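The block underneath contains the structure these notes are about, expressed in structure tokens.
We did not get these values from a lab; they are worked out from the coordinates using the rules stated. The structure displayed is predicted, hence computed values, not measured ones. Note that each Cβ is placed from the backbone with ideal geometry, even for glycine, and that neighbours are counted across all protein chains shown.
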Amino acid sequence: MAIKIKDIPPEGLTLEFDQRVDLLDRGTATAACKAVLNLKPDQGGIVHISGHVRSTPELECSRCLEAFPFEIDGELNIDLAPADSLDRDGEHELVHGELDMEFYQGDEIDPMEIIREQLLISIPMVPLHSPGCKGLCGVCGADLNKTECGHQRNAPGDFGAFSALKDLLKK
Ligand SMILES: [Zn+2]
Ligand SMILES: [Zn+2]
């Protein structure tokens, strides 16, 4: 549902969302998401967007591959500027700073895209189902959170070459 910039009243517009999004491009909208956005137009086509986004997408632990719910509950505060304002005058960057400045194409914006983007940047690069996840055994693939298979492996912080040396010394 795109919103035309010119349809946003000067006093601002509040939008509420409660729907599922296809956050991780899996082809199905699986992550329930709630959001409240305030859109406020400014000069030069800039739209201030503030609000609150909540969702609990299911992520895969990067160590043990188990799926786990990841809670996102965050504020958002961005300035959206028309993409062509960049060519017209480079001064926007100087005035506003590029920190929370994003750009839109054409004469409308898609709030759901903004919400989706906000959720995506909240997802860690290396998701862990728990900070102390022990991962999978490199030898047999057992989930070391659930079982102790007894295979030898490098302790965290151990480096391959050094542990090999340690093994040699032990013999
Ligand atoms: Zn894990
Ligand atoms: Zn094992």
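Got a sec? Which residues in the stretch 35-78 would a label at ASP107 touch, if it sits 7 Å along Cα→Cβ and we count backbone N under 19 Å? Residues 40-48 qualify, since their backbone N sits under 19 Å from the label point.
Label separation (THR56 vs PHE68): 1.4 nm, computed from points 7 Å beyond Cα along the C-beta direction. Exposure proxy for VAL126, VAL36, VAL47, VAL139: other Cβ atoms within 10 Å of each Cβ, ordered fewest to most, give VAL126, VAL139, VAL36, VAL47.
Residues GLU75, GLU108, arranged from fewest to most other Cβ atoms within 10 angstrom of their Cβ, appear as GLU75, GLU108.
Shown here for the stretch 1-77: trypsin sites (Lys or Arg not before Pro) in loop regions (DSSP other than H, G, I, E, B) with at most 11 other Cβ atoms within 10 Å, namely ARG26.
Along the stretch 137-148 the Karplus relation, 6.51 cos²θ - 1.76 cosθ + 1.60 evaluated at θ = phi - 60°, assigns HN-Hα couplings of 5, x, 8, 10, x, 5, 6, 6, 6, 10, 8, 10 Hz to successive residues, with x for each Gly and Pro.
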